[in-house]
């Protein structure tokens, strides 16, 4: 009877064997225990629920595998977040059925979408085109070919709008990939992401500093280094994965705390430039404050806001308010003489990410603050200007 347990667990036994085996299981404890174990295992093979891999489980499995057989080429730590987020999004996409691929994704912050019904909403395919268009700005630094028809165009043109560039490239990619089915689009997007990660791993120890023309949103085209650009692409991948998950009614696990901290640190580092953009747009509640200073001295000689982001992966930083080129520093670092901490703002780290990505409004974010209310207002309203592409 024990030899039939595997077939029984897979519901592959003929009826007469099922009757005989189940009668035996009422009398034999060892076989009954083994039958329960095999039936549970079989459930993983035929489960109806999507097997979304959590960030922590994926990290544990990879660590175990690499502990037994180290990789020939080590993945740089700064490329690991993109590798993880792309894998998690891909796992969700593989579980989508045909109707879910056609589910409209409400993402008005990305501009007019690709939905055929003329609603202006996005499809999952359109979201993948959007991600790919943003990734190609980074792949150029690694010498990769451009999948977008017409070349890189305005996305890498100095002085052009990064938002216009990525929007135009997304539109061209949607038109080019319209002939493909969802599965092929998923493969094309995944190949692009793998190329980025593999290229970073093979480019050598100094690859982190390769110059990249970043394609973010809401701010002018700016230059970054490959390390920061890949963190930004990982952030965008996570945010877009949440867009898709919400549209199809799935729960998407948050990033690993270490990866979320990298997204927060990168976003916070761009706040001085976003504050300057807010002022130039005439939307700031406060003026420039005291005298402006340059470079790494910004946090030591200008008004500073203490930004405390709570939750797993959070942190605390001192943000210079009056200088676009100012350096954001960790809160534990001592300020120089003449520094003036004018406000302290506390909010949840994941909520701040969604604010910076344009997914929620300032009024939707729970905050606590003391000090200069105008400075707090400006920082919160500047955050969406560093939106993830």
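Read-outs: derived from the displayed coordinates by stated rules, not from any lab. All of these numbers come straight from a predicted model, not from anything done at the bench. Reconstructed Cβ throughout: ideal geometry from the backbone, glycine too, with neighbour counts over all protein chains shown.
Length gained on full extension, residue 251 to residue 285, computed as 0.36 nm times the residue gap minus the Cα-Cα distance: 8.5 nm. Note on residue 223 and residue 91: their simple-model spin labels are 3.9 nm apart, each label 7 Å out from Cα toward Cβ. Each listed q (0.20 Å⁻¹) maps to a log10 I(q)/I(0) for the stretch 266-386, found by the Debye formula over equal Cα scatterers with no solvent: -1.08. Centre-to-centre, using Cα atoms only, the stretch 1-40 and the stretch 315-346 are separated by 67 Å. Annotation for residue 312 and residue 370: the two label points, set 7 Å from Cα along the Cα-Cβ direction, are 3.0 nm apart.
Shown for 352, 252: other C-beta atoms within 10 Å of each C-beta, ranked fewest to most, produce the order 252, 352.
Name the shape class, rounded, prolate or oblate, that the alpha-carbon gyration tensor gives for the stretch 2-45, where a ≥ b ≥ c are the square roots of its eigenvalues, rounded holds for a/c under 1.5, and otherwise prolate holds if a/b is larger than b/c and oblate otherwise. In terms of gyration-tensor shape, oblate. Straightening the chain between residue 191 and residue 176 buys 3.8 nm, computed as 0.36 nm per residue apart minus the Cα-Cα spacing.
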